[in-house]
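Please treat every number below as a calculation from the coordinates, not as lab data. All of these numbers come straight from a predicted model, not from anything done at the bench. In this analysis, Cβ positions are derived from the backbone assuming ideal geometry, glycine residues included, and neighbour counts consider all displayed protein chains.
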Amino acid sequence: RAINGKPYLEKPELADRDGLSVRITPAGTITWQYRFRIDNQPGRLTLGRYPDLKLADARKLIPELRNSVANNIDPRVFWKQRNTFAGQTTLRDCCEQFLSARSAALKPSIVAT
């Protein structure tokens, strides 16, 4: 907390545990990262910035990421799939469902094509 937003000229990366580390820019921006090896190649995944992502929350994410490595799934691919909105209802879907259910009761001037 004391480093956040203040000039920082020491080591740019500090390790926590289980592959979780923090990178600190010279301007004092703190970013959580997960370091891993998959197919014997090192990799790094940015999880988020402090204070948006607290230490306890970052630590809670690590078991999921370690599990993906154990299942030979690249954590970057896992993270992208986990955080996308694929399959969720969009505004377009809501509007189309509303119009299909209610368009007969609406005035023709209200229903746009």
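Considering only alpha-carbon pairs that sit under 8 angstrom and 6 or more positions apart, the relative contact order computed for the chain is 15 percent.
3J(HN,Hα) along segment 15-26, derived from phi through the Karplus expression 6.51 cos²θ - 1.76 cosθ + 1.60 where θ = phi - 60°, amounts to 8, 9, 6, 6, x, 7, 9, 10, 10, 10, 7, x Hz, with x in place of Gly and Pro. Put simply, the amide H of L47, placed in the peptide plane, has neighbours under 5 Å in W32, Q33, Y34, leaving out anything fewer than 5 places away on its chain. GNM on the chain, alpha-carbon springs under 10 angstrom: the most fluctuating residue among T46, T89, T25 is T89. Residue-normalised convex hull volume from the C-alpha trace of the chain: 193 Å³ per residue. Listed by chain and number, the aspartates and glutamates whose C-alpha is less than 12 Å from the C-alpha of K60, apart from same-chain residues fewer than 8 away, are D18. Only beta bridges with both residues in segment 3-113 are counted; by DSSP, about 100 percent of them are antiparallel. The ranking of R17, R35 from fewest to most other beta carbons within 10 Å of each one's beta carbon is R17, R35. Counting neighbouring Cβ atoms within 10 Å and putting the fewest first, the residues K107, K11 line up as K107, K11.
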